[in-house]
Amino acid sequence: MLKGRHLIDPMDFTLEEIEEILELGKDISKDPEKFTHLCDGKILATLFYEPSTRTRFSFEAAMLRLGGRVIGFSEPNSSSTAKGESIADTIRTISCYADIAAMRHPKEGSSKIASLYSTIPVINAGDGGHQHPTQTLTDLLTIKSIKGNLNNNIIGVCGDLKFGRTVHSLIKAMSRYDNNKFILISPKELKVPDYITKEVLMKKNIEFLEVEKLEEVIEKLDILYMTRVQRERFFNEEEYIRLKDSYILDKGKMSLAKEDIMVLHPLPRVNEIDYEVDEDKRACYFKQAKYGMYVRMALISKLLGVK
Ligand code: CP
């Protein structure tokens, strides 16, 4: 039963519950017009303490396309946060006005705190360098819709694996499906945190390899998940500048990849995928952005319990 639940971490839902959301997302993607009154009279609050294009707009578009309405802020200084109001008091107040809330915050654990004080479902739309579960639902729906299933893949994740919250959530989620293997491609300074390698991959005996060069492994991959270097999480600008162009996927590297590789990227991109790759039929990142809206339509409907 998903009605009334929060989504803070990809592991909050069972595989069956995720399947329920993906199946509805798939149905919506095939015929979105059929769902235009599902959330009539409902209100979504978007509380964004950090910049966003895809997550906020896709949440808002999702609710509007379901017939609901949206309130919120994209700039915390326009709310009473600027006067020192706590997350707990903000979400208690928002619970009086809205039926469901999506929240992005630069501090790890913020959505969890909000969920403890909320009387409406809280969705984590990204908490610092920690988790981004609705990006993961997006990724799962994209892979399932294009590849047909979520098992038996060699998944390369490339770029900033230390601060990239989308990668942490994706590894957790894809580890739950059968026979997926990971190749973790990053500079040594931006390796995936130990809690992911030890607590997720090693604990479940999942095969993984950590390497520094994309061109040495690209030919093996069924899925390549590119990420940008997360400038906003660095303490030292010089370090960011030194590492920011560690990987640039271009036509040359794509020529080494499988005919049916899927290239994903949560976006925004900076330099890590050359624009020339966009024309390649294996580049799926803008389709992925669209699936993000459909899966959020499904998620909102399920958490509100509307049918
Ligand atoms: N993928 C993603 O989270 O993008 P935004 O930062 O634009 O929301």
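Would you mind stating whether ASP178 is modelled with pLDDT of 95 or more and among the acidic types (Asp, Glu)?
Judged against the criteria, ASP178 is a match.
Scanning for something modelled with pLDDT under 95 and open to solvent by 60 Å² or more (accessible area, probe 1.4 Å), does region 52-70 turn up at least one residue?
No - not one qualifying residue is present in region 52-70.
Just need a number here: residues in region 56-75 that are within 16 Å of the ligand (Cβ to nearest atom) and in contact with a helix residue (DSSP H, G or I) (Cβ under 7 Å, 6 or more places away or on another chain).
7
Got at least one residue in region 228-240 being open to solvent by less than 10 Å² (accessible area, probe 1.4 Å) and either more than 16 Å from the ligand (Cβ to nearest atom) or within 30 Å of ALA101 (Cβ to Cβ) (or both)?
no
Report the residue count in region 261-282 for those that are at pLDDT 95 or above, more than 16 Å from the ligand (Cβ to nearest atom) and open to solvent by 20 Å² or more (accessible area, probe 1.4 Å).
Adding up the residues that qualify gives 8.
Scan GLU210, GLU216, GLU199 and give me the residue that is in contact with a Lys or Arg (Cβ under 8 Å, 6 or more places away or on another chain) and of a type in the set (D, E, K, R).
GLU210
Any residue in region 124-135 that is open to solvent by less than 10 Å² (accessible area, probe 1.4 Å) sitting within a Cβ distance under 6 Å of a residue that is assigned to a strand (DSSP E or B) and away from the ligand (no atom under 12 Å from the Cβ)? List the pairs, counting only those 6 or more apart or interchain.
Qualifying pairs under 6 Å: ALA125/MET103; ASP127/HIS105; PRO133/LEU7.
Criterion first (within 16 Å of the ligand (Cβ to nearest atom), surrounded by 15 or more Cβ atoms within 10 Å (Cβ to Cβ) and not charged (D, E, K, R)) does ALA289 satisfy it?
Against the criterion (within 16 Å of the ligand (Cβ to nearest atom), surrounded by 15 or more Cβ atoms within 10 Å (Cβ to Cβ) and not charged (D, E, K, R)), ALA289 qualifies.
Restricting to region 139-156, name every residue that is open to solvent by less than 40 Å² (accessible area, probe 1.4 Å) and hydrophobic (A, V, I, L, M, F, W, C).
Result: LEU140, LEU141, ILE143, LEU150, ILE155.
For residues that are open to solvent by less than 10 Å² (accessible area, probe 1.4 Å) and touching a Lys or Arg at 6+ places or on another chain (Cβ under 9 Å), scanning just region 157-171, find the one that is modelled with the lowest pLDDT.
Ranking the qualifying residues of region 157-171, first place goes to GLY164.
Taking ARG296 and the conditions (1) charged (D, E, K, R); (2) under 29 Å from THR46 (Cβ atoms); (3) not assigned by TED's automatic domain parsing to the domain that holds PHE59, which numbered condition does it fall short on, given that it satisfies the others?
Condition not satisfied by ARG296: (3).
For region 104-124, check the following and say yes or no: at least one residue is more than 24 Å from MET262 (Cβ to Cβ), assigned to a helix (DSSP H, G or I) and either within 13 Å of the ligand (Cβ to nearest atom) or within 15 Å of the chain's Cα centre (by Cα) (or both).
yes
Would you point out the residue of region 73-123, among those that are of a type in the set (Lys, Arg) and surrounded by 16 or more Cβ atoms within 10 Å (Cβ to Cβ), that is farthest from PRO10 (Cα to Cα)?
Filtering region 73-123 for residues that are of a type in the set (Lys, Arg) and surrounded by 16 or more Cβ atoms within 10 Å (Cβ to Cβ), the one farthest from PRO10 (Cα to Cα) comes out as ARG104.
Quick one: count up the residues across region 28-55 that are more than 19 Å from LEU304 (Cβ to Cβ), more than 11 Å from the ligand (Cβ to nearest atom) and of a type in the set (D, E, K, R).
Here the count works out to 3.
The values are calculated or read from the model by the stated rules, or taken from the named source; none is laboratory data. Just so it is clear, the model here is predicted, and its values are computed rather than measured. Positions of Cβ are backbone-derived with ideal geometry, glycine not excepted, and every protein chain shown enters the neighbour counts. With ligands, DNA and RNA removed, areas are computed over all heavy atoms of the protein, side chains included. Shrake-Rupley method; radii C 1.70, N 1.55, O 1.52, S 1.80 Å.
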